[in-house]
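Enquirer: Before anything else, here's the structure in question.
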Amino acid sequence: MNQSLKLVILSLLIGISNFGFGQNSYQNPVIPGFHPDPSVCRVGDDFYLVNSTFEYFPGVPIFHSKDLVNWQQIGHCLTRDSQLPLQKCGASAGIYAPTLRYNDGVFYMITTNVSGGGNFIVTATDPAGEWSDPIWVETSGIDPDLFFENGKVYVCNTDGKMGIQINQIDIKTGKRIGETRRIWRGTGGRYPEGPHIFKKDGLYYLLISEGGTEYGHKITIARSKELMGPYMSNPANPILTHADEEKQDAPIQGTGHADFVQAADGSWWMVCLAFRPAKGRFHILGRETYLAPVVWTENSWPVVNGNGTIDLEMKIKTLPQVPVKNELKRVEFDDSKLGFEWNYLRNPVRENYSFTDKKGFLTLKATEIGLDYTDTPTFLGRRQEHFNFEASTEMEFNLSGENDEAGMTVLMNDKHHYKLSVKNQGGKKVLSISNRLGGFYFSTGKTVALKSGRVKLKVVGSRDYYTFFYAQGNEEFKELGKCDTYFLSSEVAGGFTGVYIGLFATGNGSKTKAKANFDWFVYQPL
């Protein structure tokens, strides 16, 4: 038997031996890209997780896992305008931190729409199916948590600088029962937020985040013999932070906003958010979902990963791992169903998106609303999930007016994005790169005239640059220019989201009948 064949057989045997049994390592983040504020629950041997989505629609993605390491998106909790009004919602407004819980055969997701309505609950018996219309909750503040005990339901949330508060509600109507009580202000860090209450060994534990969702973020915990308090702070707080000398230069920063879950084997785990700087102190992917083991000490305080920190390569024993298929495949736009990875900006005007105008194409119908409006542009995008990636598409654009524009965008928000787009210049089609930085547009100065027919567009990302390419016919791709990732970082652009790679069409303030037809789209890591 030759050496190559031996290696192949050995690899297969290793794979077979590992499948279905606990492994000794995993990679963080477990859900990369803009997936912040994770909340998790277990039902039998299945785990479910949700994230916040701010101004994007549909809202609150829901994931499923058998092992807490390998996650697959199975849908969204908020898929209808009646559940998620986002009209004219500002960047990083909309949907804030959700909580996912399961009780007596029903899934409950509670969150805050800061742009309209406040706190609300939606329910489902099948988390991959349709969720109910909102039950609006009579409570102020954000980041609501649900706690069920003895037939009663409590909402715990944060009320700004005043700290964490709790009140009982009627789960069917959302009405408050009794008075609201403030139960903890944290350990002194700013913005005590993201509370979750757990009961273990007869004690109530209150898990929160402090320090702001930036480099000073940390996770702290308190406990009480009574649900309504008073709560006593853990002397070893914070239980997770990278805002210290040991981890201040680590590749993971901003650790915070966590949730606990206990597996069927009795082990405890934490999901939390954090971000990875692209270069220096600047991050572009948004806050991502991370996983860490939790051990409860003899005096019943939890210890995260042994030392209160996390790593990209976690060398610890996991639950039996069950891989899932998350294929990054070429999207052909051959039918009317988009994958779960696609999002609109705010509530879409659905007639502006068509799979039937031209068979086998996604048609985007331009309106006067552009990407720099806090409104509903004709835009479809997916999260950037890797520092090094390549995204490409092929489009044809039927111009109608002088301000018509369509193409590909690398977008952080309405004031910070890059566009590789086809425009009308003197009645001719030209391709150019434009940068919107701090609310103003800047041209790179390089424009190319296009021949008739389709054009291929491509962006290649790295930690330092987005490099833009184009091609027509059978030509090889040519570089048109590059833009610095720095200007799309959260530290420069602000807000709580991450970069999207999107397709768009607009009349830039003018009414238009222009349409852009996209034949396919590819996103892949490099």
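Enquirer: Per-residue counts of other Cβ atoms within 10 Å, averaged by peptide: what ranking do you get for 460-469, 323-332, highest first? Show your work: numbers first, answer last.
Expert: Details: 460-469: 18.6, 323-332: 12.0.
In decreasing order of mean packing, 460-469, 323-332 become 460-469, 323-332.
Enquirer: Ranked highest first by the average count of other Cβ atoms within 10 Å around their residues, in what order do 474-481, 91-98 fall?
Expert: Numbers: 474-481: 11.9, 91-98: 23.4.
Per-residue Cβ counts within 10 Å, averaged per peptide and sorted highest first, yield 91-98, 474-481.
Enquirer: Same structure again: Given the Cα-Cα distance of residue 267 and residue 351 and 0.36 nm per residue of separation, how much length would full extension add, in nm?
Expert: On the way: separation 84, 0.36 × 84 = 30.24 nm, distance 4.91 nm.
Between residue 267 and residue 351, full extension yields 25.3 nm more.
Enquirer: Moving to a separate point now. Expected output is a single nm value to one decimal: the length gained when fully extending between residue 87 and residue 170, i.e. 0.36 nm times separation in residues minus the C-alpha distance. What is it? Present the calculation step by step, with values, prior to reporting the outcome.
Expert: Working: separation 83, 0.36 × 83 = 29.88 nm, distance 2.90 nm.
Full extension from residue 87 to residue 170 adds 27.0 nm.
Enquirer: Let me ask another. Once both labels are modelled 7 Å past Cα along the beta-carbon direction, what's the residue 315-residue 327 spacing in nm?
Expert: 3.6
Enquirer: Can you give me the angle between helix 3-18 and the longest principal axis of the chain, using Cα atoms only, in degrees from 0 to 90, rounded to the nearest 10?
Expert: The angle comes out at about 50 degrees.
Enquirer: Which residues does the label zone of residue 281 cover in the stretch 199-223, counting backbone N under 20 Å from a point 7 Å along Cα→Cβ?
Expert: Output list for this probe position: 210-219.
Enquirer: Using the Kirkwood radius over C-alpha pairs as Rh, can you work out the diffusion coefficient of the stretch 374-446 via Stokes-Einstein at 25 °C, viscosity 0.890 mPa s, in µm² per second? Kindly include the intermediate steps, with their values, before the conclusion.
Expert: On the way: Rh = 13.7 Å.
Here the translational diffusion coefficient equals 179 µm²/s.
Enquirer: Could you order the peptides 403-411, 166-174, 358-366 from most to least packed, using the average number of other C-beta atoms within 10 Å per residue? Please report the intermediate quantities before stating the final value.
Expert: Values: 403-411: 24.6, 166-174: 17.8, 358-366: 19.6.
In decreasing order of mean packing, 403-411, 166-174, 358-366 become 403-411, 358-366, 166-174.
Enquirer: Can you work out the FRET efficiency for the pair residue 398 and residue 444, with r the C-beta to C-beta distance and R0 = 25 Å, to the nearest 0.05? Could the numbers behind the result be given before it?
Expert: Numbers: r = 25 Å, r/R0 = 1.01.
My answer for the efficiency is 0.50.
Enquirer: For the stretch 24-314, what is the Kirkwood hydrodynamic radius in Å, using each pair of distinct C-alpha atoms? Please report the intermediate quantities before stating the final value.
Expert: Values: mean 1/r = 0.0529 Å⁻¹.
Evaluated over the stretch 24-314, this radius sits at 18.9 Å.
Enquirer: Now for a separate question. Could you give me the percent of Cα pairs per 10 Å distance bin for the stretch 448-501, shortest bin first, beginning at zero and ending with the bin that holds the maximum distance?
Expert: Pairs per bin, as whole percents: 21, 41, 24, 13, 1.
Enquirer: Describe numerically, in nm with one decimal, the distance between label points set 7 Å from Cα along Cα→Cβ at residue 79 and at residue 472.
Expert: The two pseudo-label positions are separated by 4.1 nm.
Enquirer: Which value in deg cm²/dmol, rounded to the nearest 500, describes the helix-derived mean residue ellipticity at 222 nm for the chain, given -39,500 (n - 2.57) per DSSP H run of n ≥ 4 and division by the residue count?
Expert: Details: 2 runs with 20 residues, N = 526.
That comes out to -1000 deg cm²/dmol.
Enquirer: Taking 0.36 nm per residue of sequence separation and subtracting the Cα-Cα distance, how much length would be gained by fully extending the chain between residue 199 and residue 162, in nm to one decimal? Mind showing how you got there, number by number?
Expert: Numbers: separation 37, 0.36 × 37 = 13.32 nm, distance 2.38 nm.
That pair, residue 199 and residue 162, stretches by 10.9 nm at full extension.
Enquirer: With a/c under 1.5 counting as rounded, go ahead and sort the stretch 373-511 into rounded, prolate or oblate using the C-alpha gyration tensor (a ≥ b ≥ c being the square roots of the eigenvalues; past the cut-off, prolate if a/b is larger than b/c, else oblate). All intermediate terms of the calculation are to be shown ahead of the outcome.
Expert: Working: a/c = 1.78, a/b = 1.27, b/c = 1.41.
It comes out oblate by the Cα gyration axes.
Enquirer: What would the Debye equation give as log₁₀ I(q)/I(0) for the chain at q = 0.07 Å⁻¹, counting only Cα atoms as equal point scatterers?
Expert: Scattering profile of the chain, log10 relative to I(0): -0.41.
Values in this text are rule-based calculations from the coordinates and carry no lab data. Since this is a predicted model, take the numbers as computed values, not measurements. Here Cβ is always computed from backbone atoms with ideal geometry, including for glycine, and neighbour counts include all displayed protein chains.
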